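In what follows, a single structure is set out as structure tokens and then discussed.
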Amino acid sequence: MPEVTFNKMDVDQNPATAQEFGIMAIPTLLVKKDGEVVERLTGFTPAHQLEAILAKYTA
């Protein structure tokens, strides 16, 4: 299985980065592959949906 890395950011401490990625709501999860955002999830994401999205990019 390919490596998956999770990062967490406090948007109040990093407003420029939040703006750069267009983060307007919390939580927001960005899935990046090869340095590009390929999925954007805003709000609660059920575990089964998150697993399916990650499987798409780690297969």
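Calculate how steeply helix 47-58 sits against the longest principal axis of the alpha-carbon atoms of the chain, using the helix alpha-carbon long axis, and give the answer as 0 to 90 degrees to the nearest 10.
80 degrees
Within region 1-57, report the trypsin sites (Lys or Arg not before Pro) that DSSP leaves as loop and that have at most 14 other Cβ atoms within 10 Å.
When the trypsin sites (Lys or Arg not before Pro) of region 1-57 are filtered for loop state and at most 14 Cβ neighbours within 10 Å, Lys8 remain.
Taking 2.2 N^0.38 Å as the expected size of a compact globular protein, what ratio does the Cα radius of gyration of the chain give against it, to two decimals?
1.17
Give me, ordered by chain and number, the residues 5 or more places off Lys32 or on other chains with an amide H under 5 Å from its own placed amide H.
Val38
Give a quick list of chymotrypsin sites (Phe, Trp or Tyr not before Pro) in the chain that DSSP marks as loop, anything other than H, G, I, E or B, with at most 16 other Cβ atoms within 10 Å.
Sparse-neighbourhood loop chymotrypsin sites (Phe, Trp or Tyr not before Pro): Phe6, Phe21, Phe44.
Every number in this text was worked out from the coordinates using simple rules, so none of it is lab data. Keep in mind that this is a model prediction, so the values were computed, not measured. As a convention, Cβ positions derive from the backbone with ideal geometry for all residues, glycine included, and neighbour counts pool all protein chains shown.
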